Amino acid sequence: MIGQRESVSGAHFAFTDRWGGVSAAPYEELNLGAAVGDDADAVTTNRELAAKSLGLEPDRVVFMHQVHGADVVVTDGPSGSADIPSVDAIVTTRRGLGLAVLTADCVPVLLADPVAGVAAAAHAGRPGMVAGVVPAAVRTMVELGADPVRIVARTGPTVCGRCYEVPEAMRADVAAVEPTAYAETSWGTPSVDVCAGVHAQLERLGVHDREQSPVCTLESCDHFSYRRDRTTGRLAGFVWLG
């Protein structure tokens, strides 16, 4: 259920795999995405299971309606289902409040400054990385008292640059904004390394405490991958302050 978990000075980070839930194929088992066609009750149960496994109250976890943009919202707690923010990054200063980001190939980015008591979760697909969603999240954290040199950054399972094949023109457009994202597949065609781009952006912002998951979602049968399966579930990254 929880493929990776870490705590750093009172900041907690976790990434799920696809196992330990109740969803049926093709969403088996721990699909946490509510907008992919899965049974709504199954998703609710899966979210409860994931939250409780982390010691979080299910009603104290904030999810986003992700739109591949760069907008950020500061939150103090979950709203009603009709008020889920249509953004790709959320920031909080509320301890014990979980922030969640859903992915199935995009880069889940978890950020926290334990000293300032500020945490953020961001969804960085190719469009969001190019638009600057992660720098926008960091800037919002700084406005709330965070210091980039104290920010701990963790990125979770994502499609790797060796597998994310794109047209040559798309690679050129991305590289014009973020050169470190320029990549080539293992079979020699143009690709984009979104995670490399995210980490380069964080480095330029002064965020040096960074770690990257070694898991490629497309290559791993233990993780959901939209590029591999199209109709599939969603993984989640969770960050919260103790």
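The values are calculated or read from the model by the stated rules, or taken from the named source; none is laboratory data. The structure displayed is predicted, hence computed values, not measured ones. With ideal geometry, Cβ positions are generated from the backbone for all residues, glycine too; neighbour counts draw on all protein chains shown.
A quick yes/no check of all residues on (1) over 21 Å from His208 (Cα atoms); (2) modelled with pLDDT of 95 or more; (3) surrounded by fewer than 24 Cβ atoms within 10 Å (Cβ to Cβ); (4) within 16 Å of the chain's Cα centre (by Cα):
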position: Pro108; (1), (2), (3), (4): no, yes, no, yes
position: Val115; (1), (2), (3), (4): no, yes, yes, no
position: Met141; (1), (2), (3), (4): no, yes, no, no
position: Asp147; (1), (2), (3), (4): no, yes, yes, no
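Would you confirm whether or not the stretch 193-206 contains a residue that is free of Cβ contacts under 8 Å to residues at least 40 places away in the same chain, in a helix (DSSP H, G or I), surrounded by 15 or more Cβ atoms within 10 Å (Cβ to Cβ) and not small (Gly, Ala, Ser)?
no
Against the condition over 13 Å from the mean Cα position of the chain (by Cα) and farther than 20 Å from Glu203 by Cα, how does Gly132 come out, does it pass? Spell out the reasoning first.
On the way: over 13 Å from the mean Cα position of the chain (by Cα): yes; farther than 20 Å from Glu203 by Cα: no.
No; evaluated as a whole, the condition is false for this residue.
Residue pairs, Cβ under 6 Å, 6 or more apart or interchain, first in the stretch 224-242 and in a loop (DSSP other than H, G, I, E, B), second acidic (Asp, Glu) and crowded, with 24+ Cβ neighbours inside 10 Å. List them.
So the pair list comes out as Ser225/Asp105.
So, Val43, is that one in contact with an Asp or Glu (Cβ under 9 Å, 6 or more places away or on another chain) and not acidic (Asp, Glu) or not? First the steps, then the outcome.
Values: in contact with an Asp or Glu (Cβ under 9 Å, 6 or more places away or on another chain): no; not acidic (Asp, Glu): yes.
Answer is no for this residue.
If you scan the stretch 1-51, which residues turn out to be among the acidic types (Asp, Glu) and over 15 Å from Gly237 (Cβ atoms)? Write out each step before concluding.
Going residue by residue through the stretch 1-51, those that are among the acidic types (Asp, Glu) are 6, 17, 28-29, 38-39, 41, 48.
Across the stretch 1-51, the qualifying residues are Glu28, Glu29, Asp38, Asp39, Asp41, Glu48.
From Val36, Val67, Val87, Val72, which residue is of a type outside the set (Lys, Arg), under 27 Å from Gly132 (Cα atoms), at pLDDT 95 or above and out of contact with any Asp or Glu (no Cβ under 9 Å at 6 or more places or on another chain)? Break it down into steps so the answer makes sense when it comes.
Details: Val67 fails: out of contact with any Asp or Glu (no Cβ under 9 Å at 6 or more places or on another chain); Val87 fails: out of contact with any Asp or Glu (no Cβ under 9 Å at 6 or more places or on another chain); Val72 fails: out of contact with any Asp or Glu (no Cβ under 9 Å at 6 or more places or on another chain).
When all the criteria are applied, what remains is Val36.
Using beta carbons and a limit of 7 Å, which pairs, at least six apart or on different chains, have the first residue in the stretch 1-15 and within 16 Å of Thr217 (Cα to Cα) and the second one aliphatic (A, V, I, L, M) and surrounded by 21 or more Cβ atoms within 10 Å (Cβ to Cβ)?
Filtered contacts from the stretch 1-15: Met1/Leu30; Met1/Ala50; Ile2/Ala14; Gln4/Ala14; Phe15/Leu235.
Looking at (1) modelled with pLDDT of 95 or more; (2) closer than 21 Å to Met1 by Cβ; (3) surrounded by fewer than 18 Cβ atoms within 10 Å (Cβ to Cβ), which one does Ala51 not meet, given that it meets all the others?
All conditions are met except number (3).
Can you tell me which residues in the stretch 172-189 are in contact with a strand residue (DSSP E or B) (Cβ under 7 Å, 6 or more places away or on another chain) and either outside any helix (DSSP H, G or I) or surrounded by fewer than 21 Cβ atoms within 10 Å (Cβ to Cβ) (or both)? Spell out the reasoning first.
The first filter runs over the stretch 172-189 and keeps only residues in contact with a strand residue (DSSP E or B) (Cβ under 7 Å, 6 or more places away or on another chain), leaving 174-175, 181, 183-185, 189.
Hits for the stretch 172-189 are Ala175, Ala183, Glu184, Thr185, Thr189.
Which residues, counting only those in the stretch 6-33, are in a loop (DSSP other than H, G, I, E, B) and either on the phi > 0 side of the Ramachandran plot or hydrophobic (A, V, I, L, M, F, W, C) (or both)?
Filtering the stretch 6-33 down to residues in a loop (DSSP other than H, G, I, E, B) leaves 9-10, 17-33.
Within the stretch 6-33, Ser9, Gly10, Trp19, Gly20, Val22, Ala24, Ala25, Leu30, Leu32 qualify.
Please specify each residue of the stretch 98-124 satisfying the condition of being more than 21 Å from Leu30 (Cα to Cα) and part of a loop (DSSP other than H, G, I, E, B).
Pro114, Val115, Ala116, Gly117
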